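Visitor: The structure that follows is given in the form of structure tokens.
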Amino acid sequence: MPQTEKPLFGHPWIFIRGVPSLNFLPPEGPLEVAFAGRSNVGKSSLINALVGQKGLARTSNTPGRTQELNYFVPDGYSGEAADLPPMAIVDMPGYGYAQAPKEQVDKWTKLVFDYLRGRATLKRVYVLIDSRHGIKKNDEEVLTLLDKAAVSYQVVLTKTDKIKAPAVPKLLAETADKIRKRPAAYPAVLSTSSEKGDGLDELRQAIAETVGIASWK
Ligand code: GDP
């Protein structure tokens, strides 16, 4: 079956590699999208909800857990060059631990910036923002890093079930306004709730189109 006919989501995904430093990066192959966000933003929950697998990305709030880029691909590819997975999801280490020592923050920034600048196959970074908190100072710093690295990114609100329904469109508009002048930001902001499943199909479709697949189904 041609790759494009395999459903992108609703198809098992597997973890293939943790990347603690750039020499462990897999060779560039399939197009990638990455997920970034403050620790506890709901990143693991969102990745698991997107692929419909509870245990794929580790939901853990342990400060200082291994700072790695985690690579996930749809399962069922032979590894032959002709049968590469259609895309990879990269789970970036969370940022913004209150107690994070400076050297850990510096290590995070170096790994992430080196990755962002050097990865030709990285198509877009989804920057997750907790609906209850909005864009915080350290989110702004990450957006600036992405602007500097000239990597296209889209902001995705998480945990919308935690705020009142009418507040969601207001927050979407406010957030879009905040990033309006940022050069690498995709103008439209998405909203999601992993808990309720809201916005997941829209995000799946956005990801599929980003990597050149017409539909995620
Ligand atoms: P990560 O550190 O960004 O990977 O965040 P996790 O996915 O581990 O989630 C952090 C906490 O937020 C956990 O207690 C989750 O159960 C909770 N959480 C994640 N997504 C949602 C959501 O959509 N709605 C609600 N209400 N809670 C969520």
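The values are calculated or read from the model by the stated rules, or taken from the named source; none is laboratory data. In this text, all values refer to a predicted model and were calculated from it rather than measured experimentally. For neighbour counting, all protein chains shown are included, and Cβ atoms are generated from backbone atoms with ideal geometry for every residue, glycine included.
Visitor: Being modelled with pLDDT of 90 or more and more than 16 Å from the ligand (Cβ to nearest atom): is that true of residue 119 here?
Guide: yes
For (1) exposed (fewer than 14 other Cβ atoms within 10 Å of the Cβ); (2) farther than 18 Å from residue 43 by Cα; (3) touching a strand residue (DSSP E or B) at 6+ places or on another chain (Cβ under 8 Å), each residue gets a yes or a no:
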position	(1), (2), (3)
68	no, no, yes
85	no, yes, yes
99	yes, yes, no
103	yes, yes, no
106	yes, yes, no
147	no, yes, yes
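Visitor: Oh, and also: Does segment 11-33 contain any residue that is within 15 Å of the ligand (Cβ to nearest atom), modelled with pLDDT under 85, assigned to a loop (DSSP other than H, G, I, E, B) and surrounded by fewer than 18 Cβ atoms within 10 Å (Cβ to Cβ)?
Guide: Applying the first criterion (within 15 Å of the ligand (Cβ to nearest atom)) to segment 11-33 yields 15, 18.
The next check asks that each one be modelled with pLDDT under 85; those that pass are none.
Taking every residue of segment 11-33 in turn, none turns out to be within 15 Å of the ligand (Cβ to nearest atom), modelled with pLDDT under 85, assigned to a loop (DSSP other than H, G, I, E, B) and surrounded by fewer than 18 Cβ atoms within 10 Å (Cβ to Cβ).
Visitor: Now for a separate question. Take residue 90 and tell me if it is crowded, with 16+ Cβ neighbours inside 10 Å and either more than 23 Å from residue 150 (Cβ to Cβ) or acidic (Asp, Glu) (or both). Break it down into steps so the answer makes sense when it comes.
Guide: Numbers: crowded, with 16+ Cβ neighbours inside 10 Å: yes; either more than 23 Å from residue 150 (Cβ to Cβ) or acidic (Asp, Glu) (or both): no.
Spelling it out, it is not the case that residue 90 is crowded, with 16+ Cβ neighbours inside 10 Å and either more than 23 Å from residue 150 (Cβ to Cβ) or acidic (Asp, Glu) (or both).
Visitor: Suppose we filter 164, 159 for residues that are more than 22 Å from residue 74 (Cα to Cα), within 16 Å of the ligand (Cβ to nearest atom) and surrounded by fewer than 19 Cβ atoms within 10 Å (Cβ to Cβ); which single one remains? Talk me through it step by step, then tell me what you get.
Guide: Values: 159 fails: surrounded by fewer than 19 Cβ atoms within 10 Å (Cβ to Cβ).
Checking each option against the conditions leaves just 164.
Visitor: Do you know which of the residues in segment 109-123 that are charged (D, E, K, R) and surrounded by 14 or more Cβ atoms within 10 Å (Cβ to Cβ) is nearest to residue 96 (Cα to Cα)?
Guide: Of all residues in segment 109-123, those charged (D, E, K, R) come to 110, 114, 117, 119, 123.
Then drop every residue that is not surrounded by 14 or more Cβ atoms within 10 Å (Cβ to Cβ), which leaves 114, 119, 123.
Working: 114: 19, 119: 24, 123: 24 Å.
That would be 114.
Visitor: Starting from segment 178-192, take each residue that is under 22 Å from residue 122 (Cα atoms) and without any contact (Cβ under 8 Å) to a residue 12 or more places away in the chain and list its partners that are buried (at least 16 other Cβ atoms within 10 Å of the Cβ) and small (Gly, Ala, Ser), counting only C-beta distances under 6 angstrom and pairs at least six apart or across chains.
Guide: none
Visitor: Here's something else I'd like to know. If you go through segment 39-54 one residue at a time, how many are within 7 Å of the ligand (Cβ to nearest atom), farther than 12 Å from residue 156 by Cα and either of a type in the set (Phe, Trp, Tyr) or out of contact with any Pro (no Cβ under 9 Å at 6 or more places or on another chain) (or both)? I'd like the intermediate steps shown before the answer.
Guide: The first filter runs over segment 39-54 and keeps only residues within 7 Å of the ligand (Cβ to nearest atom), leaving 39-46.
The next check asks that each one be farther than 12 Å from residue 156 by Cα; those that pass are 39-40, 44-45.
Applying the additional criterion that residues be either of a type in the set (Phe, Trp, Tyr) or out of contact with any Pro (no Cβ under 9 Å at 6 or more places or on another chain) (or both) yields 40, 44-45.
Residues meeting the conditions: 3.
Visitor: Then there's this: Residues being within 21 Å of residue 142 (Cα to Cα) and surrounded by 14 or more Cβ atoms within 10 Å (Cβ to Cβ): count how many of those fall in segment 170-205. Give the steps one after another, and end with the answer.
Guide: First, the residues of segment 170-205 that are within 21 Å of residue 142 (Cα to Cα): 171-192, 203.
Okay, now just the ones that are also surrounded by 14 or more Cβ atoms within 10 Å (Cβ to Cβ), so 171-172, 175-176, 178-179, 182, 184-186, 189-192, 203.
Of the residues in segment 170-205, 15 are within 21 Å of residue 142 (Cα to Cα) and surrounded by 14 or more Cβ atoms within 10 Å (Cβ to Cβ).
Visitor: Anything in segment 171-195 that is outside any helix (DSSP H, G or I), among the charged types (D, E, K, R) and more than 16 Å from the ligand (Cβ to nearest atom)? List them, or say none. Spell out how you get there, then give the answer.
Guide: Within segment 171-195, the subset outside any helix (DSSP H, G or I) is 179-195.
In the following step, the residues that additionally are among the charged types (D, E, K, R) were identified as 180-182, 195.
Passing the criteria: 180, 181, 182.
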